[in-house]
Amino acid sequence: MRWLKYLCLVLLPWHAAADEIKPGFLSLLEQADNQYQVSFTIPFHSSLPLAISAEFPAGCEKTPVVTLPGNNRVTLKYQLKCSHTLGGEQLTIKGLQLTATDVLLRVEWLNGELNMQRFTPQQTSLSLDKPGDSAAIAGHYTVMGIEHILIGWDHLLFILCLVFIARQPKRIIVTATGFTLAHSLTLVATSLNWVSVPIAPVEAVIALSILFLATELCKHHRNSLTWRYPALVASTFGLIHGFGFASVLSDLGLPEQGFAIALLFFNVGVELGQLIFIAFLLCVAWLYMRFLPVNVRLSEQLTAYFVGSISAFWVIERTLSFI
């Protein structure tokens, strides 16, 4: 469809970044009833740690803090003893509203259950989920899945190229479905420890998959396998992208109680994020077609070169990280 070529205009003003925002990390490990081991990793900004601190509810006392310096971060460790459980209580990251980063919260309860939540500059206080709150787990992991896909430049550029090549709405749906099913397989298999692969080579191959699609888009050979069967190509590379999603989920952690729910809804979040991005692209493409006529072939070529240049840089950078 003609309007699909206008998608390239979405990308031309963008500035791609290979590094994602480094968040802070607050970990609470319940070691006995109402007793917690706390680890708070604070990232640096301009060679200094961010001026943020964790505030706990009344009735909690902490031991002297041990400070452990690291690479562009500092970690504070101490014990916390409370007069009551922290489940359902409110925690606050003081000073976070003055920053441009998030703080991930990881709570491991005495029964082995793991909960993940996120503080943001707009939401500096959170009520801790109580153990066994399945609805809260589903909600948090759905949001994390959406956030991951929408800040993952490599996955987004791959999807963009797929939409360009698939073109027709029906083919876009089939292609996106193939990509989804494929990366869901490897995401689940890796999370269940059925498969294990080193992440560095995987990240390099993900970048290579984007470069491949950008090259196909640039050559515009309608009789090639990619143009005739985009769903097959998307499914093949989707297996590799699934390992990337699994790596992120491994870093976030999965609760022992509610493991299946967290895994399912993280995957649901990733799919929702993909749909949001595709819908955004199509809306912007329609607006450009409606109000800003352009030389579509030239703009398509420029987009292919732009995406190809970024992905080529990623291939080199990521390959050098493990050779």
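Readers should treat all values here as calculations from the given coordinates under stated rules, not as data from a laboratory. On a predicted model such as this, the values are computed, not experimentally measured, just so you know. No Cβ is skipped: glycine too gets one built from the backbone with ideal geometry, and neighbour counts run over all protein chains shown.
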On the formula 1/(1 + (r/R0)^6), with r taken between the Cβ atoms of L225 and S309 and R0 of 25 Å, the FRET efficiency rounded to 0.05 is 0.55
Spin-label pair I173/S125, simplified geometry with 7 Å Cα→Cβ offset, distance in nm: 4.6
Over the Cα atoms of the chain, how large are the radius of gyration and the largest Cα-Cα distance (Dmax), in Å? 22.1, 70
To test your reading of the geometry: what angle, between 0 and 90 degrees and rounded to tens, separates the Cα axis of helix 259-291 from the longest principal axis of the chain? 40
Exposure proxy order (Cβ contacts within 10 Å, fewest to most) of C283, C161: C283, C161
Between R290 and Q31, what is the FRET efficiency for a Förster distance of 51 Å, r being their Cβ-Cβ separation, to the nearest 0.05? 0.25
Rounded to the nearest 500, what is the chain's calculated 222 nm mean residue ellipticity when only DSSP H runs of at least 4 contribute -39500 (n - 2.57) each, over all residues? -17500 deg cm²/dmol
Tilt, helix 199-219 to longest principal axis of the chain (alpha-carbon atoms), in degrees rounded to tens, equals 30
Cα to Cα, under 20 Å, and not fewer than 8 places away if on the same chain: which aspartates and glutamates meet these conditions relative to K22? D102, E147, D154, E203, D251, E317
Reachable lysines from K62, Cα under 18 Å, same-chain residues fewer than 8 places away excluded? K77, K81, K94
Relative contact order (%) - the chain, alpha-carbon pairs under 8 angstrom, separation at least six: 23
Could you name the aspartates and glutamates in cross-link range of K170, using Cα to Cα under 20 Å and dropping any fewer than eight places away on the same chain? E271
